[in-house]
Amino acid sequence: MRSAIPKVLHTIGGRSLLGHAMHAARGCEPMRLVVVVRHERERVAAHIAEHDPDCLIADQDEIKGTGRAVECGLSVLPADLQGTVVVTCGDVPLLTPETLRELVTAHEASHAAVTVVTSRVPDPAGYGRIVRGADGAVERIVEHKDATAAEQAIDEINSGIYAFESELLRAALAEIDGDNAQGERYLTDVVAIARAKGRDVAAHLLADLWQTEGINDKAQLARIGAELNRRTVDALMRGGAIVVDPATTWVDTDVTVGEDTVIRPNTQLLGATSIGARCEIGPDTTLVDCEIDDDATVVRSQAELALIGPGATVGPFSYLRPGTELGAKGKIGGFVETKNARIASGAKVPHLTYCGDATIGEGANIGAGTIFANYDGVTKSHTTVGAHSFVGSDSVLVAPVTIADGAYVAAGSTVTTDVGPGELAVGRAQQRTVPGWVARRRAGSKTAAAAEAALTAQAATRHTGSEGEGTGA
């Protein structure tokens with residue numbers, strides 16, 4: 001991967017590759033789930049514990065090969081384990097829970113010792129080949145480097161995904177050695193051992209090649225990520241969402257979208273975002289771990305860990321940081337930034353405002369250019385604006401401060417003390433006008449010329465007006 005990040009921790013669709021693998025494995029409802037780790041063991045194990053605390057972790061030792069990896073995985077399970085053991089890979093993110101359930105069902109119905117998931121591909125180079133006998137049954141699997149020219153011509157490949165009878169698997173693993181081109185203990189050798197014991201080996205042919213495709217570099221990561229996104233967006237549309245341009249819409253696998261919600265171009269819906277019905281999202285919008293209720297609108301904005309109520313509107317060009325809660329039919333308008341702000345039903349923060357660490361009551365209106373000054377360089381404090389209060393444009397509310405219900409703040413005010421119910425707060429200096437200042441301090445400028453022309457025009461108007469009054473008298 002040419003990366004400091006372990007391969008299985010690279011992400012597509014909002015999950016790590018390993019996360020996709022664990023999700024698929026959990027989908028077939030196993031009694032126990034084991035992940036075998038080695039490279040960057042501590043980082044990978046921490047990721048497993050965070051996302052699936054019930055998962056068992058097995059460490060692979062210095063002995064190489066998939067056969068040894070499975071043997072290490074079995075070592076953390078009961079010695080008397082019986083039933084079906086499913087083995088899959090940590091780098092096949094498009095594998096689905098449905099496919100694993102189908103594999104288990106087919107395996108147990110056939111009473112085979114081994115069932116291997118296979119696919120037919122136009123270019124099988126690099127894959128293990130499925131070698132069948134004259135009767136069509138699977139005889140063995142040969143790795144590409146160990147295959148003869150005739151075997152390399154076979155187009156049916158091993159996916160690396162299996163179902164095993166547990167007792168046969170334990171016994172066969174004990175017989176495997178590393179006598180091959182790579183000096184590894186191949187899990188694929190279990191197939192030949194099972195056949196030698198007179199047991200059946202079945203193939204579960206999978207038509208969807210994407211589900212068996214692994215990732216070995218960042219080009220493959222991007223290609224398979226794009227296919228996952230295509231499938232995710234397609235599922236949203238089939239579920240009732242309206243995606244205007246699927247090619248520019250990116251949606252993580254855990255996102256949900258309600259019926260008749262319109263998703264416009266260049267939109268990203270990430271994490272555990274949940275969107276209700278009949279919403280308008282985008283264009284040019286990114287939502288991360290947000291909850292958007294029915295009939296809401298979010299245009300050209302970015303939000304993270306925000307709650308947007310029914311019928312509320314956001315944007316354009318707004319930034320909702322974590323802790324933002326916008327009530328029903330509330331408004332966060334253009335060029336507004338919010339953080340840890342609870343904005344009640346019907347309240348409006350229409351434009352050009354920073355609103356951090358605040359509670360805004362029902363029906364309140366925050367004028368353009370208002371700043372909630374929540375940080376004094378040491379601590380962050382809270383501001384409360386009561387129900388149906390009005391804050392005039394270009395005001396600064398210096399926290400901690402409370403503006404009670406039904407109060408007014410005059411435009412251009414700096415508010416540092418509480419405002420009671422029904423009061424008007426005016427926190428600005430009295431205006432002082434200095435006549436002739438431009439003529440004295442900006443003489444010869446275009447501003448001075450404009451002022452002189454205006455004064456001349458005013459004088460002429462006054463003179464004409466006085467003459468007219470005199471004549472009329």
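Taken together, the values in this text are just the output of simple stated rules run on the coordinates, not laboratory data. Note that the coordinates shown come from a computational prediction; the quantities given were computed from them, not determined experimentally. When we count neighbours, we look across all protein chains shown, and the Cβ atoms used for this are built from the backbone with ideal geometry, even at glycine.
Couple of notes before you dig in:
- Theoretical gain in end-to-end length, residue 29 to residue 380 [0.36 nm per residue, Cα-Cα removed]: 121.6 nm
- Computed log₁₀ I(q)/I(0) - Debye formula, equal Cα scatterers, no solvent, the chain, q 0.09, 0.10, 0.11 Å⁻¹: -0.78, -0.87, -0.96
- 3J(HN,Hα) along the stretch 97-105: x, 4, 5, 5, 5, 4, 4, 4, 4 Hz, from the Karplus curve 6.51 cos²θ - 1.76 cosθ + 1.60 with θ = phi - 60°, whole Hz, x for Gly and Pro.
- Peptide ranges 106-116, 328-338 listed from the most packed, as the mean C-beta count within 10 angstrom indicates: 328-338, 106-116
- With the helix formula -39500 (n - 2.57) applied to DSSP H stretches of n ≥ 4, the chain reaches a computed 222 nm mean residue ellipticity of -7500 deg cm²/dmol.
- Net +/- balance of residues flanking residue 321 in space, Cβ distance below 10 Å, scoring K and R +1, D and E -1: -1
- Relative to one another, the C-alpha centroids of the stretch 7-25 and the stretch 198-216 are positioned 19 Å apart.
- Distant-in-sequence amide H partners of residue 360 (H built 1.01 Å from N, under 5 Å): 342, 343, 344, 385
- In order along the stretch 329-338, phi translates into HN-Hα couplings of 6, x, 9, 10, x, x, 6, 10, 10, 10 Hz, rounded to whole numbers, per the Karplus curve 6.51 cos²θ - 1.76 cosθ + 1.60 with θ = phi - 60° and x for Gly and Pro.
- 5 Å binning of all Cα-Cα separations within the stretch 42-147, expressed as whole percents from 0 upward: 2, 8, 13, 19, 23, 17, 11, 5, 1, 0
- Positive-end extreme of charge dipole, the chain - chosen from 127, 202, 138 (charges on Cβ): 127
- Ranking of 22, 31 by count of other Cβ atoms within 10 Å, fewest first: 31, 22
- In the chain, taking the dipole from charged Cβ atoms about the Cα centre, the farthest positive-side position among 270, 332, 159 is held by 332.
- Rounded FRET efficiency, nearest 0.05, which uses the C-beta distance separating residue 463 from residue 442 and R0 of 30 Å: 0.70
- Cβ-based charge dipole, the chain, positive-most Cα from 315, 105, 67: 315
- DSSP-defined beta bridges in the chain - what % are antiparallel, rounded to 5: 20
- Amide H to amide H, with H built 1.01 Å from N, residue 257 comes under 5 Å of 275, counting only residues 5 or more places away or on other chains.
- Exposure proxy order (Cβ contacts within 10 Å, fewest to most) of 355, 55: 55, 355
- Built amide H within the under 5 Å cut-off of residue 243, gap 5+: 263
- Normalised by 2.2 N^0.38 Å, where N is the number of residues, the alpha-carbon radius of gyration of the stretch 7-212 equals 0.98.
- Net length gained if the chain between residue 424 and residue 82 were fully extended (0.36 nm per residue, minus Cα distance): 115.3 nm
- For q = 0.12 Å⁻¹, Debye-computed log10 I/I(0) when each Cα of the stretch 174-259 counts as one equal scatterer: -0.64
- Fully extended contour minus Cα-Cα distance, from residue 231 to residue 449, at 0.36 nm per residue: 71.7 nm
- Estimated FRET transfer efficiency when R0 is 60 angstrom, pair residue 155-residue 321 (beta carbons, to 0.05): 0.70
- Note on the stretch 236-425: Cα convex hull, mean projected area over all directions, 9.5 nm².
- Packing here is the average count of other Cβ atoms within 10 Å per residue, and on that basis the peptides 285-298, 126-139, highest first, run 285-298, 126-139.
- Take the Cα radius of gyration of the stretch 209-283 and divide it by 2.2 N^0.38 Å, N being the number of residues; the result is 1.15.
- Entries in 7/197; 145/218; 7/339 that, when Cα-Cα distance is taken, lie over 28 Å: 7/197; 7/339
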